[in-house]
Amino acid sequence: MDVPSSRGPEPGLRKGRAGGHASLWYQVLCFGAVGMVGFLVNAGIVETLAPGTGPGWAQLWAFPVAATVTWWLNRRYTFGASRNSWQREWMRYMASNFVGWLANNGTYFSLIFSYPFVYHHPAIAVATGSMAGMVFNFIFSKRFVFGGS
């Protein structure tokens, strides 16, 4: 995978009208679009693995893959690279989004074990969990991973 430089904002990062960092609205919309890609990755892996492993194990495999995809896309398009190396930034992303992970997966597991229909259609729980985690992930990503840009 081509990993962008960590020496500043990525070329693909859109600038606000004043030529500075991307506007908050742009970041929220871009973060949401990136989250939708993450959802598709997560749900696709869960739906593929769940028949053989069960939805719990499927999610344990899918979530880190989807989180890595969203880190890279947010780094590239939403916030730009931080001043840290990409490895350190990735670790900070994973660590600081732990609260979002708890909200996401707490919602996911609560739903699949509370509703038989959702157990058999775990993408519903993936979508609901993704929404629960999105708010936490945006705040922590913006402030603690990508430097408050």
Filtering the range 50-64 for residues that are modelled with pLDDT of 95 or more and farther than 22 Å from SER114 by Cβ leaves a count of 1
How many residues, within the range 73-97, are closer than 17 Å to GLY147 by Cβ and assigned to a helix (DSSP H, G or I)? 16
Which ones in the range 37-49 are touching a helix residue (DSSP H, G or I) at 6+ places or on another chain (Cβ under 7 Å) and over 17 Å from PRO116 (Cα atoms)? VAL37, GLY38, PHE39, VAL41, ASN42, ALA43, ILE45, LEU49
Residue identified as of a type outside the set (Phe, Trp, Tyr) and in contact with a helix residue (DSSP H, G or I) (Cβ under 6 Å, 6 or more places away or on another chain) among GLY100, GLY52, GLY80: GLY100
Does VAL34 count as buried (at least 18 other Cβ atoms within 10 Å of the Cβ) and either modelled with pLDDT of 95 or more or over 21 Å from PRO116 (Cβ atoms) (or both)? yes
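The values are calculated or read from the model by the stated rules, or taken from the named source; none is laboratory data. In this text the structure is predicted, and so the values were computed from the model without any measurement. Heads up, the Cβs are rebuilt from the backbone with ideal geometry, glycines too, and the neighbour counts pull from every protein chain shown.
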